[in-house]
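First the structure, in the form of structure tokens, and then the observations on it.
Values in this text are rule-based calculations from the coordinates and carry no lab data. Note that the structure is a prediction, hence the values are computed from the model and not measured. Every residue, glycine as well, gets a Cβ built from its backbone with ideal geometry; the counts of neighbours run over all protein chains shown.
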Amino acid sequence: MSNSFYITTPLYYVNDRPHIGSAYTTLIADIIAMYHRMKDDDVFFLTGTDEHGQKVQQAAEKNGISPQEHCDIYAERFRELWSYFNLSNDDFIRTTEDRHVKVVQHVLQDLFDKGEIYKDKHEGWYSVADELFITEKDYEEGKYRDVRRISETNYYFKMSAYQERLINYIHDNPKFIQPENRKNEILGFLKQPLKDLCISRPKERLSWGIELPFDKDYVTYVWFDALLNYVTAPGYLQDDDRFQKIWPAVHLIGKDILTTHCVYWPTMLMATGIPLPKTVFAHGWWTSEGQKMSKSLGNFIDLETIQMHCDNVGKDVYRYYMAKEGPLFSDSDFSKERFYQTYNTDLANDFGNLVNRIFKLIFKYFDGYIPKPSSFEEKDQAMIKASKVCYGGVIVSLDSLNLNGIASSIMGYVSFINRYLEKTEPWKLAKTDLEATKTVLYSALASLRFAASLLYPLLPEKMTEFFSMLNNGDSPGTLMEWDGLKPGTELGEMKALFPRFDMQLLENM
């Protein structure tokens, strides 16, 4: 019986175009979803766009269009990028959709009826850029941009009532907030008294939002609205059986929205009576060429820059690099030199040369037909044992959402195959013992096939090409037995999967 697995990206705010940060989170979510599909889990993968709030309204006014038109333009840009990468998301939700508006208004009315929401007047500092009220300490420390003093009446969610319950939940569920440093950050935040959350904005100041069902003069605070998308999409209040099957979720987010997802969101769910997510995993940020990204510095990695690298070596390579070198546990730097060196070392040299070497030997000595092995000696048995170790490492890393570890385990196995060939030297062995050569080349190709199946979520297009070269009737999107390779099958045309990149070209990039 398959297990359900629900993974989400954050909803991307429609005030800017996609960039390396949004591409990274979504690509690693797609990779994780694909690994779970290979395990035959029932996967639901969600992404989408967050479309309400003051910044959207201001941007639309500046461009002389309606907020909805603005949202339509930017949502389509995200859809186009995910289509470009052939992502496997099951849903793309927009917070302006009717299905979401109904859920938000139902939850608001329910919490209001239960006394979890109250009306009060507040005077304090408000960050227009971040669309939230801030403390006097935050104001003095200058943490927020475009801050002004505001005095107005709003509605508040009794978030403070859930502080101790949330702290206890975090301690009792060690996988709830990951990695460990993010959990410690939230626990540190919760050492201070938790304030109630302002969940409305008066229409006279902001009209672009979901109207409060109990007061037509207000709209909902964008974060209270946006977070509920995670339960809207799997069917909350619309298809209870489906929702119970899919929920709870694993959320992938950037560290900049840690508090909203690990304090606001769980307390909202506690008040509503919905179980909390399995995990909120907050990854680090990308820097560029050793510096914080900045358009003024010219090191900002936008959509055009991403597509340039993809045009040079393939979309799969960008995907692989994101997984192997990305900032899962701390910040990572995107360096052009490192990107292309990783491509040349891991893919052109290690995997690509291994394919060429094995295929050429099979074509030379066995006319392109997969040889039938005889008895497996200890050195051959070691390949099978190593494949099991590799698979175990992949699963352990997958369970902890450690894509860096997944890539390292697989490429370690690829290196093991290369060392096996260096030890057995089939190009020499064939001159004296063709039967033994059959076993060596079968073992090497079977091992490579096994590694390729594990690499599929990281390199789906290239591994699909490789499996077409095997001509063995396999689907690369399934986990397979090491010895499932069929002897006697004629190999397909050999292709250069990963042509070496000329590093001198970087001088003109």
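As a quick test, which of the pairs Lys121/Lys255; Lys360/Lys423; Lys39/Lys438; Lys102/Lys137; Lys119/Lys278; Lys62/Lys336 have an alpha carbon distance above 28 angstrom in this structure?
Beyond 28 Å between Cα atoms: Lys121/Lys255; Lys39/Lys438; Lys102/Lys137; Lys119/Lys278; Lys62/Lys336.
In percent, how large is the relative contact order of the stretch 344-503, given Cα pairs closer than 8 Å and 6 or more residues apart?
33 percent
How much mean residue ellipticity at 222 nm does the chain get from its helices, if each DSSP H run of length 4 or more adds -39500 (n - 2.57) and you divide by all residues, to the nearest 500 deg cm²/dmol?
-14500 deg cm²/dmol
Mean separation of Cα pairs under 8 Å and 6+ residues apart, divided by the residue count of the stretch 37-148: what relative contact order is that in percent?
Relative contact order here is 24 percent.
May I ask what percent, to the nearest 5, of DSSP beta bridges between residues of the chain are antiparallel?
Numbers: 24 of 47 bridges.
For the chain, the DSSP antiparallel bridge percentage is about 50.
In whole angstrom, how long is each semi-axis of the equivalent ellipsoid of the stretch 415-485, when you take the square root of 5 times every eigenvalue of its Cα gyration tensor and sort them from largest down?
Numbers: eigenvalues 128, 30, 19 Å².
Values for the stretch 415-485, descending: 25, 12, 10 Å.
Computed from these coordinates, which is P(r) over Cα pairs in 20 Å bins from 0, in percent: [x] 21, 48, 24, 7, 0; [y] 22, 57, 20, 1; [z] 21, 48, 26, 4?
[x]
Ordered by residue, what ³J(HN,Hα) values in Hz, to whole numbers, does the stretch 480-488 give under the Karplus form 6.51 cos²θ - 1.76 cosθ + 1.60, where θ = phi - 60° and Gly and Pro are x?
Per-residue couplings from phi come out as 10, 6, 4, 9, x, 5, 8, x, x Hz.
Around Thr287, which amide H atoms from residues at least 5 apart in sequence, or from another chain, sit under 5 Å from its own amide H, with H modelled in the peptide plane?
Correct list: Ser332, Asp333, Phe334.
So, in nm, how far is label Ser151 from label Asp90 when the simple model puts each one 7 Å beyond its Cα toward the Cβ?
If labels sit at Ser151 and Asp90, their model points lie 5.2 nm apart.
Separation between the Ile134 and Asn356 pseudo-spin-labels, each 7 Å from Cα along Cα→Cβ, expressed in nm?
Result for the modelled spin labels: 5.5 nm.
Go through the stretch 71-124 and name the trypsin sites (Lys or Arg not before Pro) that are in a DSSP coil and have 13 or fewer other Cβ atoms within 10 Å of their Cβ.
Lys114
How large is ³J(HN,Hα), in whole Hz, for each residue of the stretch 416-428 in order, when computed from phi with the Karplus curve 6.51 cos²θ - 1.76 cosθ + 1.60 and θ = phi - 60°, using x for Gly and Pro?
4, 5, 4, 5, 4, 5, 5, 6, 7, 6, x, 5, 8
Can you list residues from other chains, or at least 5 along the same chain, whose modelled amide H is less than 5 Å from the amide H of Arg94?
Answer set, sorted by chain and number: Thr49.
Between Asn402 and residues 5 or more places away or on another chain, which pairs have amide H atoms under 5 Å apart, with H built 1.01 Å from N, and which residues are they?
When sequence neighbours closer than 5 places are left aside, there are no close amide H contacts.
Determine the shape class of the stretch 344-503: with a ≥ b ≥ c the square roots of the Cα gyration tensor eigenvalues, call it rounded for a/c under 1.5, and otherwise prolate if a/b is greater than b/c, oblate otherwise. Intermediate results must be reported in sequence, preceding the final value.
Details: a/c = 1.59, a/b = 1.37, b/c = 1.16.
Here the stretch 344-503 falls in the prolate category.
Along each of its three principal axes, how wide is the spread of alpha-carbon positions in the stretch 213-364, in whole angstrom units, largest first?
Principal axes ranked by extent give 74, 46, 25 Å for the Cα atoms.
What aspartates and glutamates sit close enough to Lys315 to cross-link, taking a C-alpha to C-alpha distance under 12 Å and skipping anything fewer than 8 places away on the same chain?
Glu461
Please provide three numbers in whole Å: the alpha-carbon extents of the stretch 117-248 along the principal axes, with the largest listed first.
Extents along the principal axes: 44, 36, 24 Å.
For the chain, what does the relative contact order come out to in percent, with C-alpha contacts under 8 Å and a separation of six or more?
Once normalised by length, the contact order is 14 percent.
Taking θ = phi - 60°, what integer Hz values does the Karplus form 6.51 cos²θ - 1.76 cosθ + 1.60 yield along the stretch 341-348, in sequence order, with x for Gly and Pro?
Computed from phi, the couplings for the stretch 341-348 are 5, 4, 4, 5, 6, 6, 9, 5 Hz.
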